[in-house]
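Data block below; observations after.
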Amino acid sequence: MVPRHVAIVMDGNGRWAKKRFMPRFFGHKQGVDALVRTVLSCADRGIEYLTVFAFSSENWKRPTEEVSGLMGLVLVAVAKYLSKLADRGVRIRIVGDRSQVSDKLRQAWEQAESSTRHNTRITLSVAFNYGGRWDIVQACRQAIASGIAPEDLDEAALNSFMALSYAPDPDLFIRTGGEVRISNFMLWQSAYSELFFSDCLWPEFGDAELDAALADYARRDRRFGAVQSAPANAAQGAA
Ligand code: FPP
């Protein structure tokens, strides 16, 4: 079965560049190409949502030139690829804290979101200045501000305030680059995601790696805490 929602931690750009004696930025640049390839491949396979970790709340700790390089890369990527993705039916959404990014970047995100808002083939959510813990805290703040009574605040109610409330929980969570950890990505939403770790460095990720992950996913027995396999639509609200 094809997952409805795939989440990816795109790790390994720096090591990919280092292996080629190139600056880390070159790896991130190739990483953008890998992302564009991957979103179109996911759409071809019937995946409805792809969510990728592009910049974490913790990535500000990287050297200043790498941080500004990544910010600049977003502007270049939007200019280079937006019309192609828009034409192929990709809806783009950004999740994360926008308050700390420049006006220029915020405008580029707004342009990407507004010009693709009617697309329905696949939704690409780019997590930028995002962290799973940030998301839980901001959802709690919104819930409190809404005046909801404590006894009415259940999982569904809190979920409605989360940054990805428009998407089903990810079925498949992929991390490239050989590290075996979640790194604060989609902590709330990945409670029952199937995890797939690949040694492939992100710029090398292509159809072969995607299909290997999907084939592995198709063999998993998803129980959502029950004894027998759960029906296909049991992902939300299961025990
Ligand atoms: C992790 O590799 C990757 C990142 C922190 C950035 C990922 C960003 C992109 C692929 C570009 C996305 C851009 C847009 C416009 C959405 P790393 O640098 O930690 O690699 P390493 O572990 O080998 O050092």
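Points worth noting:
- Within the stretch 29-52, residues that are on the phi > 0 side of the Ramachandran plot and in contact (Cβ under 8 Å) with a residue 12 or more places away in the chain sit with their Cβ atoms under 8 Å from residues that are more than 16 Å from the ligand (Cβ to nearest atom) and among the hydrophobic types (A, V, I, L, M, F, W, C), at 6+ positions apart or across chains, in these pairs: 46/2.
- Residue among 196, 161, 173 that is in a loop (DSSP other than H, G, I, E, B) and modelled with pLDDT of 95 or more: 161
- Among all positions in the stretch 64-85, there is no residue which is over 22 Å from residue 186 (Cα atoms), buried (at least 18 other Cβ atoms within 10 Å of the Cβ) and in contact (Cβ under 8 Å) with a residue 60 or more places away in the chain.
- Any hit, the stretch 193-202, residues being free of Cβ contacts under 8 Å to residues at least 12 places away in the same chain, of a type in the set (Asp, Glu) and surrounded by fewer than 18 Cβ atoms within 10 Å (Cβ to Cβ): no
- Candidates 95, 52 - the one that is near the ligand (Cβ under 9 Å from one of its atoms), open to solvent by less than 70 Å² (accessible area, probe 1.4 Å) and not polar (S, T, N, Q): 52
- Any hit, the stretch 114-124, residues being modelled with pLDDT of 95 or more, within 11 Å of the ligand (Cβ to nearest atom) and in contact with a Lys or Arg (Cβ under 8 Å, 6 or more places away or on another chain): yes
The values are calculated or read from the model by the stated rules, or taken from the named source; none is laboratory data. This structure is a prediction, so every number in the text was calculated from the model and none was measured. In this analysis, Cβ positions are derived from the backbone assuming ideal geometry, glycine residues included, and neighbour counts consider all displayed protein chains. Note: areas computed on protein heavy atoms with side chains; ligands, DNA, RNA excluded. Shrake-Rupley method; radii C 1.70, N 1.55, O 1.52, S 1.80 Å.
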